[in-house]
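A short write-up of the structure that comes next.
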Amino acid sequence: MIKFFLMVNKQGQTRLSRYYEHVEINKRTMLEAEVIKNCLSRSKDECSFVEYKDFKLVYRQYAALFIVVGIDQTENEMAVYELIHNFVEVLDKYFSRVSELDVSFPVSEIHLL
């Protein structure tokens, strides 16, 4: 099961977050900081799957954006890795060349542009 979905820039700023389990705001901030630090500090030669506390992190980098998905131990990492790629392809088709600016605004504001 997916626990959370994050889009983060190279500076470590969260651009989009979605949690599928209740997590208090102050815990979200700490969790995001630790997750971002773990994923951004890894080299491109290292695996995109990271064991973290009681769940796994699956991440992918696209230009200046990192997409990180937190999953439980029973979830298939490769399926989530492919899900991330499919999500980016959909964004790319919708926005035609998606960039960090496209995900910096709430969805309701994007439709008004």
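The values are calculated or read from the model by the stated rules, or taken from the named source; none is laboratory data. All figures in this text were calculated on a predicted structure; none of them were measured in a lab. A quick note on method: Cβ atoms are made from the backbone with ideal geometry, for glycine too, and the neighbour counts reach across all protein chains shown. Accessible surface areas use protein heavy atoms only, side chains included; no ligands, DNA or RNA. Shrake-Rupley method; radii C 1.70, N 1.55, O 1.52, S 1.80 Å.
Suppose every K and R has +1 on its Cβ and every D and E has -1 on its Cβ; what is the size of the dipole of region 2-111 about the Cα centre, in Debye to the nearest 20?
My answer is approximately 280 debye.
For region 24-96, how big is Rg over Rh, using alpha carbon atoms and the Kirkwood form of Rh?
Here the Rg-to-Rh quotient is 0.98.
Given contacts defined as C-alpha pairs under 8 Å and at least six residues apart, what's the relative contact order of region 2-111, whole-number percent?
Answer for region 2-111 is 27 percent.
Kirkwood Rh, Cα Rg: Rg to Rh for region 43-83?
Here the Rg-to-Rh quotient is 0.96.
Roughly how much of Glu46 is accessible, in Å² to the nearest 10, using a 1.4 Å probe?
90 Å²
Give me the net charge of Glu32's neighbourhood, meaning all other residues with Cβ under 13 Å from the Cβ of Glu32; Lys, Arg count +1, Asp, Glu -1.
+4
Based on alpha-carbon centroids, what's the gap between region 32-89 and region 1-22 in Å, whole number please?
Using only Cα atoms to place each centre, the spacing works out to 10 Å.
What ranking, highest mean first, results for peptides 15-25, 30-40, 64-74, 79-89 when packing means the other Cβ atoms within 10 Å averaged over each residue?
Order by mean packing, descending: 64-74, 30-40, 79-89, 15-25.
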